[in-house]
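The values are calculated or read from the model by the stated rules, or taken from the named source; none is laboratory data. What you see is a predicted model, and the numbers here were worked out from it, not measured in a lab. So basically every Cβ, Gly included, is an ideal-geometry build from the backbone, and we count neighbours across all protein chains shown. The protein model used for the area step is the full one, side chains on, heavy atoms only, and it has no ligands, DNA or RNA in it. Shrake-Rupley method; radii C 1.70, N 1.55, O 1.52, S 1.80 Å.
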Amino acid sequence: MRHGEAVPDQSDLTTAGRQQAELVAARLAGVPLEAISHSPKPRAVRTAQVVARRFPDVPVREAPELDDRVPADDRPAAAAMITRFTGPVAEESHELVITHNFQVGWFLRDAYAAPPERFRVVNLCNGGVTLIRYPAGQVPRVILVNDLTHLPAELRFTGFPPELRP
């Protein structure tokens, strides 16, 4: 997921951002999460803290490769992010990754095996959920992209510039 909406200096979440995180947590309440990983940026850390309250027994860990820098094939963090969080597993598992627009776009680019320049056209909302499955022996399956059905209208499309809001 993309982190909740942050205040301009990005050190904390806005009220809307906290609500987005709480609503994502409520939506995922029935999912048997095994881990919550997050970017080291404060807005992702705070989002993870809010979500983790609903999952007190799930480990929460920082993932430095989930930085908020523009990914590229020649950036070690981008390759490390893909290696760490994608690919088939021996048995089904569920991990929530809380990160940023560019990183979610890079996961989608990788799942679709698209050229690197294609990830830059993806605009994801704060609190949007993207679900990618990695079945053994098959190509990745993108199930949801930027899903906002868990958010009321006033909490959707935060993080989007006005000209891109519906």
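Figures for the structure shown
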| item | result |
| --- | --- |
| Candidate set from the stretch 85-108 (those that are touching a residue at least 12 places away in the same chain (Cβ under 8 Å) and more than 14 Å from the chain's Cα centre (by Cα)); member that is farthest from ILE143 (Cα to Cα) | ALA90 |
| Those residues of the stretch 8-31 which are open to solvent by less than 40 Å² (accessible area, probe 1.4 Å) and either more than 15 Å from the chain's Cα centre (by Cα) or aliphatic (A, V, I, L, M) (or both), in sequence order | LEU13, THR14, ALA16, ALA21, VAL24, ALA25, LEU28 |
| Verdict on VAL24 being aliphatic (A, V, I, L, M) and farther than 24 Å from GLU91 by Cβ | yes |
| Residue that is surrounded by fewer than 19 Cβ atoms within 10 Å (Cβ to Cβ) and farther than 27 Å from THR14 by Cα, where the choices are ASP68, ASP57, ASP73 | ASP73 |
| Test: residue in the stretch 20-32 that is free of Cβ contacts under 8 Å to residues at least 60 places away in the same chain, touching a His at 6+ places or on another chain (Cβ under 9 Å) and aliphatic (A, V, I, L, M) | no |
| Which numbered condition ALA35 misses (of (1) more than 26 Å from PHE157 (Cα to Cα); (2) open to solvent by 20 Å² or more (accessible area, probe 1.4 Å); (3) out of contact with any helix residue (DSSP H, G or I) (no Cβ under 7 Å at 6 or more places or on another chain)) | (2) |
| Filter result (among the hydrophobic types (A, V, I, L, M, F, W, C), in contact (Cβ under 8 Å) with a residue 24 or more places away in the chain and closer than 18 Å to LEU28 by Cβ) within the stretch 143-166 | VAL145, LEU151, LEU155 |
